[in-house]
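One structure is given here, and the rest of the page talks about it.
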Amino acid sequence: VGITSIESDMSDLKLVSCELPPTLPGVYSLALNVGHDQESLNDIAEITVYAQFSVLGFSPSSGTPGTKISIKGSNFLNITEMCCRIGTSNAIAKFISSEELGCVIPTTQKSQSRVDLSVSINCQDFVSIGAVSVHDRPAISTVTPPSATAGADIVLKGVNLLPTSTPIVHVSFNDTIVIGTAMNNTSVRVRAP
C-alpha cells in the first residue's frame, strides 16, 4: 500500500494520537518518526483494520437487567473486542452471525427511562445505534386468590409491575403465557389459563 504520512498530536511525551487514514481492511504496521526524515521510520506496532459494520435495528427496545437484546445488521465480527454499551455500562457482545449480535443489559445498569445503546469493535470507540428503556425487575409479593379454577381472575401484587407506558403485561403460568392488565405499578389482573 506504501507509506502514508499523517500528522499527530503530541499532547505530552507519553502519548501520541493520530487519525487512521481511509484504508482497506487488513493488518498494517505502524511506524513513528519524531522528525521529518521518512528514511528513519521505525516499526513500533501493528493495527488490524476491520470493515465498518452497519446496524439495521435491534429488539426489544426495553427490558430489565439481564434482558437479551438482538442487534441485526452486517459485518459483525467474531472477536472478543466486540462489545455493547448500554447507558454507561459495557457488555461483551455475543457473536451470533455476521448479521446478528446479542447483548445483555448489565445487572449494574440502573433503571432509567431511555439510555443510549452503542456498539464497538474494540470496546473503546462506540457507535450509537439507538436508545433502550431500562426498568427494574418486577417482583410479586402476593397472589389473590392463592388457588383458582381455570378462567378465574387473579390479582398479583408487588412492585415494578408496570415498567412501561402500556398496561399490557405477560404472565407465565409454567409454559403458558397469558396477557394480563397492569392496574398500576403494584397490581396486575390476569385470568388463570
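The values are calculated or read from the model by the stated rules, or taken from the named source; none is laboratory data. Note that the structure is a prediction, hence the values are computed from the model and not measured. With ideal geometry, Cβ positions are generated from the backbone for all residues, glycine too; neighbour counts draw on all protein chains shown. When the accessible area is computed, the model is the full protein with side chains, heavy atoms only, and any ligands, DNA or RNA have been set aside. Shrake-Rupley method; radii C 1.70, N 1.55, O 1.52, S 1.80 Å.
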Exercise for review: Could you tell me which of the residues Thr149, Thr142 is outside any strand (DSSP E or B) and open to solvent by 30 Å² or more (accessible area, probe 1.4 Å)?
Suggested key: Thr149
Point to revise | Selection count where residues are open to solvent by 40 Å² or more (accessible area, probe 1.4 Å) and either modelled with pLDDT under 85 or among the β-branched types (Val, Ile, Thr) (or both), scope the stretch 52-70 | key: 1
Revision key, fill the gap. Here the qualifying pairs (Cβ atoms under 7 Å; residues six or more apart or on different chains; first in the stretch 74-88 and open to solvent by 20 Å² or more (accessible area, probe 1.4 Å); second of a type in the set (Phe, Trp, Tyr) and assigned to a loop (DSSP other than H, G, I, E, B)) come out as Ser74/Phe53; Asn75/Phe53; Leu77/Tyr50; Arg85/Phe126
Exercise for review: Say whether the condition of being more than 30 Å from Arg191 (Cβ to Cβ) and polar (S, T, N, Q) is met by at least one residue in the stretch 99-108.
Suggested key: yes
Review point. Residues in the stretch 127-134: is at least one crowded, with 17+ Cβ neighbours inside 10 Å and closer than 30 Å to Tyr28 by Cβ?
Key: yes
Revision key, fill the gap. Going through the stretch 94-115 in order, the residues found to be within 16 Å of Lys68 (Cβ to Cβ), in a strand (DSSP E or B) and either out of contact with any strand residue (DSSP E or B) (no Cβ under 7 Å at 6 or more places or on another chain) or at pLDDT below 80 (or both) are Ser97
Exercise for review: Could you list all residues from the stretch 152-176 that are in a loop (DSSP other than H, G, I, E, B) and either modelled with pLDDT of 90 or more or exposed (fewer than 12 other Cβ atoms within 10 Å of the Cβ) (or both)?
Suggested key: Ala152, Ser165, Thr166, Asn174, Asp175
Practice item. State the number of residues belonging to the stretch 116-126 that are in contact with a strand residue (DSSP E or B) (Cβ under 8 Å, 6 or more places away or on another chain), within 20 Å of Thr48 (Cβ to Cβ) and among the hydrophobic types (A, V, I, L, M, F, W, C). Key: 3
